[in-house]
Structures are given as structure tokens and as C-alpha cells.
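The values are calculated or read from the model by the stated rules, or taken from the named source; none is laboratory data. Remember, it's a predicted structure, so these values are computed and weren't measured experimentally. Side chains are part of the model used for accessible areas, which takes the heavy atoms of the whole protein and leaves out ligands, DNA and RNA. Shrake-Rupley method; radii C 1.70, N 1.55, O 1.52, S 1.80 Å.
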Amino acid sequence: MGRAVLGLDRLAAIVVGLVLLVLGLAAAAWGAGWLVQVWAAAPQQLTLQTATDTFATAWWPWAAGIAGAVCILLALWWLLAHLPRRGVGELSLKGSDKSGRLLIDPAGAAATAADVLAETPGIRSASSRVVRDRGQLVVAVKATVEPDADLQSVVTATDDVATDLAQVLGRDDARARVQLSVARRARHRTRVH
């Protein structure tokens, strides 16, 4: 979500919140009889015969139910529309101009980087995802390392994968983050005689 949309969203939430607060306070003051003290010109007794007649009609519960369902659907839509989306779609590459755009799907490059890292001796498995984190494009790679792995070769492999990934993506805002975790137990290797 962009800053302008986020600012408008917060402003709308503040305005709606203040309106609801004022309406709630007014309703509470009216029910307690304090509204007459605040507003001397208020009528001493207010008749709501038309509203009472409306509430007693046969269609009123259906209308209220439908209005409630619409409000619930709007609220769910609003919440889903404002969920943070950290995933990244296609990115423009250098060389894009008015004559055409060069695009790359960073998820494919990230998956390939994880596959290459997983082929390194001593690395059991690797996975990746592409996210936006604090304005940066981050390829987050998670790898599980065997307990008896040669750490120097694992570090060299992660550096090589990160360098290759930066070269493939070709963007200055792209970063690689490799998280290594050590497996609790070594894999059982079957011996072939």
C-alpha cells in the first residue's frame, strides 16, 4: 500500500471514528436526559411515532438483516483490502523505456537460487520467497544445513548464490538474505555394497 493511500486510509478512519464517537455521546446524552441541559432549545419530549410504526412493519427485520449483511461484507472487503501484502510481482529491469519494458518475475530467480543452494554438499534443503521489507526488495532464502557439513563451503555457496541472484535480478534495490539453520540429526545414509 502506498503512502498516499495509507494516509487517506488513516484520515478516513479518524473521521469515521470521530463521527461515531460524537453520535454515541449524543445518543448517551439524549438517553440520560443531559441533552436538554446542553441544548436548552431541545424539545422536552420527542415523539418517534413514525419510527415506531416503521419498526413494527413486517419488512423491517428483512431490511435490517440485509443492511447488516451488506455492512459485514463491506467490513470484510475493507479488512482484506488492507492486509499487508509483502509479495512482489513482476519487476522492471534496466533498459526499459518508451519502446518497451523488460520484466522479470523475481520468484523464479529466487526459486532457482534455492535449488542451486540445495545442491550444495552439506545442505539438506532450501526454500525462498521474495518480499518487500522496508522499501527494499528482499529475496529471503532459508536453508537447512547438515550437522556435519563443512561450514566454509556452505558460506561460500551462499555468497555465490547471493552474488548470482543480484546479477540475475539486475536491480540496485535487491538484497539477498540467507538464513541457515542446522538440522538436529544427520540424515541416515544408506550404503550400497
Sorted largest first, the Cα spans of region 106-155 on the principal axes come out in Å as 37, 20, 13
Based on alpha-carbon atoms only, what is the radius of gyration of region 100-193 relative to the globular estimate 2.2 N^0.38 Å? 1.22
Surface share of carbon and sulfur [accessible, 1.4 angstrom probe, percent] for region 92-176: 50 percent
